[in-house]
1. For LEU116, are the conditions met, namely being at pLDDT 75 or above and either surrounded by 14 or more Cβ atoms within 10 Å (Cβ to Cβ) or under 28 Å from ILE33 (Cα atoms) (or both)?
2. If I filter segment 27-51 down to residues being in a strand (DSSP E or B) and among the hydroxyl-bearing types (Ser, Thr, Tyr), which single residue comes out as nearest to the chain's Cα centre (by Cα)?
3. ARG80: surrounded by fewer than 11 Cβ atoms within 10 Å (Cβ to Cβ) and either of a type in the set (S, T, N, Q) or more than 16 Å from the chain's Cα centre (by Cα) (or both), yes or no?
4. What do you reckon, is ILE122 among the aliphatic types (A, V, I, L, M), assigned to a strand (DSSP E or B) and more than 13 Å from the chain's Cα centre (by Cα)?
5. Kindly list the number of the only condition in (1) among the β-branched types (Val, Ile, Thr); (2) within 28 Å of ALA2 (Cβ to Cβ); (3) surrounded by 12 or more Cβ atoms within 10 Å (Cβ to Cβ) that fails for VAL105.
6. If only one of LEU88, LEU126, LEU74 is more than 30 Å from GLY34 (Cα to Cα) and touching an Asp or Glu at 6+ places or on another chain (Cβ under 8 Å), which one is it?
Amino acid sequence: MALIERIDKDGKRRWQVRIAVRDADGRRQNRTIGTYATKWEAQRTERDALAQHERGTLLKPDTTTVGLLLDEYLRVEMLRTVRPENRLPYESIIRNHLKPTLGSVQARRVASKALLRHCIHIAQQLRTLQSQ
């Protein structure tokens with residue numbers, strides 16, 4: 001965890017947020033979270049990143065896609081939280097609707113409004129199928 005003060009090419013003060021994480025082999029690595037114009041913004045981002053890291057939800061900046069998160073959900077979370085008799089619809093919605101349209105999108109790039117619109121569209125499609 002570190003806030004590093006930097007001076008950019010224009011002479012403006014910037015604050016870089018870095019946190020320490022462990023890789024798969026247990027080695028410590030510093031991950032840059034971002035660079036911010038104000039110290040307050042950097043401190044807030046650092047707190048959020050540390051909380052996400054502790055919960056296990058801190059995403060890798062370039063590689064985590066929605067598809068990877070959905071696969072992880074099917075592999076781990078669904079087995080813990082969904083009854084066996086209810087799993088088939090979850091798998092079907094993820095494999096047939098969510099992954100084809102959102103699977104390759106970087107998770108950090110998904111806007112909540114776009115995701116909500118997509119979920120509403122899927123719900124409308126399912127209602128139409130059920131009424132037939």
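1. Details: at pLDDT 75 or above: no; either surrounded by 14 or more Cβ atoms within 10 Å (Cβ to Cβ) or under 28 Å from ILE33 (Cα atoms) (or both): yes.
Here the answer is no, as LEU116 does not meet what is asked.
2. So the first thing to find is which residues in segment 27-51 are in a strand (DSSP E or B), and the list is 28-36.
Remaining after also requiring among the hydroxyl-bearing types (Ser, Thr, Tyr): 32, 35-36.
Values: THR32: 16, THR35: 19, TYR36: 20 Å.
Step by step, filter segment 27-51, then rank; the result is THR32.
3. Working: surrounded by fewer than 11 Cβ atoms within 10 Å (Cβ to Cβ): yes; either of a type in the set (S, T, N, Q) or more than 16 Å from the chain's Cα centre (by Cα) (or both): yes.
Against the criterion (surrounded by fewer than 11 Cβ atoms within 10 Å (Cβ to Cβ) and either of a type in the set (S, T, N, Q) or more than 16 Å from the chain's Cα centre (by Cα) (or both)), ARG80 qualifies.
4. On the way: among the aliphatic types (A, V, I, L, M): yes; assigned to a strand (DSSP E or B): no; more than 13 Å from the chain's Cα centre (by Cα): yes.
In short, no.
5. Unmet condition: (2).
6. Details: LEU88 fails: touching an Asp or Glu at 6+ places or on another chain (Cβ under 8 Å); LEU126 fails: touching an Asp or Glu at 6+ places or on another chain (Cβ under 8 Å).
On inspection, the qualifying residue turns out to be LEU74.
The values are calculated or read from the model by the stated rules, or taken from the named source; none is laboratory data. What you are looking at is a predicted structure, and each value in this text was computed from that prediction instead of being measured. In this analysis, Cβ positions are derived from the backbone assuming ideal geometry, glycine residues included, and neighbour counts consider all displayed protein chains.
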